[in-house]
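S.K.: Below you'll find the structure I mean.
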Amino acid sequence: MTTEHGTPLPLDSSTPHSARVWNAWLGGKDHYPVDRETADRFAEIFPAIGDLARTSRYFLARTVRYLAAEAGVRQFLDIGTGLPTADNTHEVAQRVAPDARVVYVDNDPLVLAHARALLTSTPEGRTHYISADLHRPEVILRQAAETLDLGRPVALTIMQTLGHVADYEEARAIVRHLLSALPSGSYLALNDSVDPHGETAEATRLYNESGSAPYHLRPPGQIAGFFDGLELVEPGVVPLAQWRPEILDGPDPTNAAAYGGVGRKP
Ligand SMILES: C[S@@+](CC[C@H](N)C(=O)[O-])C[C@H]1O[C@@H](n2cnc3c(N)ncnc32)[C@H](O)[C@@H]1O
């Protein structure tokens, strides 16, 4: 949540926050009791939520690796970064391409505090953090341009974040606005949790009553709709575990509760 000018609200440990609840599901330690309580209540109804958070992070790592290694992208704009964890976007990208530049964007004050300490860079590359609201794409683009060359391809990554925008058309407009500023050969990599899913729908309803910024689940067709006008990279917009899996070790632990894909701007 931010003020109307898009600057972050002060740190609040009395209500659950998306980044901190997500950190609890990922097994991290950067959250408050109120976040843990919300995370646990969700997990009672949808026990696969920890698997979903990890599956989402593996999807991020595979897509960023694909973009850096196979698509040759050297610039990344990661919106809704979350608290630093294993294999953050710049670590995956710079492992493949040490000169990769990564700009992170989030509006959570705790993410800001941790990002300053932990989001370091290779000497050849650059890592920058912007404290801004996703609802203000023009602010994000203006500040990102200080680190990224927006005349060259950029991969826009938005993972498990667009559900915070209640209105689907507004969410689509934000993605379109950001992509419109990027040249041909840029990419969108995105994933989000979906409905219909009885357990996640019920758990999300309770989550949205917890005081945290509400999350809106969308059908898979709407997740695919974020890629309209882009050339989808195979295998398209699919359950996360099916996107170019690297380890074929059994069924999707999340039972297709989240979908994602990668698309190239023609
Ligand atoms: C569920 S977490 C996902 C974190 C990370 N992308 C990942 O996949 O692990 C959602 C993130 O979106 C951020 N967020 C929520 N609303 C936002 C907004 N309006 N502007 C910027 N970031 C926002 C939260 O602070 C949180 O870090």
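S.K.: Just to verify a number: FRET efficiency for Q242 and T147, C-beta to C-beta distance, R0 = 25 Å, to 0.05?
M.R.: Computed FRET efficiency for Q242 and T147 comes out at 0.15.
S.K.: Can you find, among W25, F76, I49, the residue farthest towards the positive end of the dipole of the chain? Put +1 on the C-beta of Lys and Arg, -1 on that of Asp and Glu.
M.R.: So the residue we want is F76.
S.K.: Specify which residue in the list P253, F59, S184 is farthest towards the positive end of the charge dipole of the chain, using unit charges on the beta carbon of Lys, Arg (+1) and Asp, Glu (-1), about the Cα centre.
M.R.: Of the listed residues, the answer is S184.
S.K.: Oh, and also: Can you check what the net charge comes to around R142, using other residues whose Cβ is under 15 Å from the Cβ of R142 (Lys, Arg +1; Asp, Glu -1)?
M.R.: Here the count lands on -3.
S.K.: Nearest 500 deg cm²/dmol is fine: what mean residue ellipticity at 222 nm does the chain get from its DSSP H runs of n ≥ 4 alone, each adding -39,500 (n - 2.57), divided by its residue count? Before the final figure, lay out the partial values.
M.R.: Details: 9 runs with 94 residues, N = 266.
Calculated from helices alone, the mean residue ellipticity at 222 nm is -10500 deg cm²/dmol.
S.K.: Another question about this same structure. What is the percent of Cα-Cα separations in the stretch 225-266 that go past 15 Å?
M.R.: Numbers: 382 of 861 pairs.
Counting pairs separated by more than 15 Å, the tail of P(r) holds 44 percent.
S.K.: Same structure again: Compute the projected area of the convex hull of the Cα atoms of the stretch 3-115, averaged over all viewing directions, and report it in nm² to one decimal place.
M.R.: Answer in nm², one decimal: 7.8.
S.K.: Hey, rough spin-label estimate for E202 and K29, points 7 angstrom out along Cα→Cβ, what's it come to in nanometres?
M.R.: 3.5
S.K.: Once you put a point 7 Å from the Cα of A43 and another 7 Å from the Cα of E209, both along the Cβ direction, what distance in nm separates them?
M.R.: Between A43 and E209, the simple spin-label model gives 2.2 nm.
S.K.: How big is the shadow of the Cα convex hull of the stretch 166-220, averaged over all directions, in nm²?
M.R.: The Cα convex hull of the stretch 166-220, projected and averaged over all directions, gives 4.7 nm².
S.K.: Where does the charge balance sit around Q160 when Lys and Arg score +1, Asp and Glu -1, over other residues with C-beta under 13 Å from its C-beta?
M.R.: Working: positive: R54, R57, R218; negative: D78, D106, D192.
Local charge sum for Q160: 0.
S.K.: Let me see the P(r) profile for the stretch 133-249: every Cα-Cα distance counted, bins of 10 Å, each bin given as a percent of all pairs.
M.R.: 12, 39, 33, 15, 1
S.K.: Find, to one decimal place in angstroms, the Kirkwood hydrodynamic radius of the chain, where the mean of 1/r is taken over every pair of different Cα atoms and then inverted.
M.R.: Here the Kirkwood hydrodynamic radius works out to 18.4 Å.
S.K.: Treating only the Cβ atoms of Lys and Arg (+1) and Asp and Glu (-1) as charged, compute the dipole magnitude of the chain about its Cα centre; round to the nearest 20 debye. Display every interim value, and only then the final one.
M.R.: Working: 23 positive and 34 negative charges, 144 e Å.
So the dipole magnitude of the chain works out to roughly 700 debye.
S.K.: Whole angstrom only: what separates the Cα centroid of the stretch 58-116 from the Cα centroid of the stretch 171-230?
M.R.: After rounding, the separation between the Cα centres reads 19 Å.
S.K.: Sticking with this structure for a sec: Given the options V233, V92, V21, state which has the largest fluctuation in a GNM of the chain using a 10 Å cut-off (strictly under) for Cα springs.
M.R.: Of V233, V92, V21, the most mobile in the Gaussian network model is V233.
S.K.: Next question. Of T122, G198, I174, which is farthest towards the positive pole of the stretch 78-207's charge dipole, taken about the Cα centre with +1 and -1 on the beta-carbons of Lys, Arg and Asp, Glu respectively?
M.R.: Value: T122.
S.K.: Taking R0 as 30 Å, what's the FRET efficiency between D87 and S14 from their Cβ-Cβ distance, rounded to 0.05?
M.R.: E(calc), rounded to 0.05, equals 0.45.
S.K.: Summing +1 for each Lys or Arg and -1 for each Asp or Glu, what net charge is found among the other residues whose Cβ lies under 9 Å from the Cβ of Y187?
M.R.: Neighbour charge sum, excluding Y187 itself: +2.
S.K.: A follow-up question, please. So if R0 is 25 Å, what FRET efficiency would E169 and L232 give, r being the distance between their Cβ atoms, rounded to the nearest 0.05?
M.R.: The computed FRET efficiency comes out at 0.75.
Every number in this text was worked out from the coordinates using simple rules, so none of it is lab data. What you see is a predicted model; the values in this text were computed from it and never measured. Cβ: placed from backbone, ideal geometry, glycine included. Neighbour counts: every protein chain shown.
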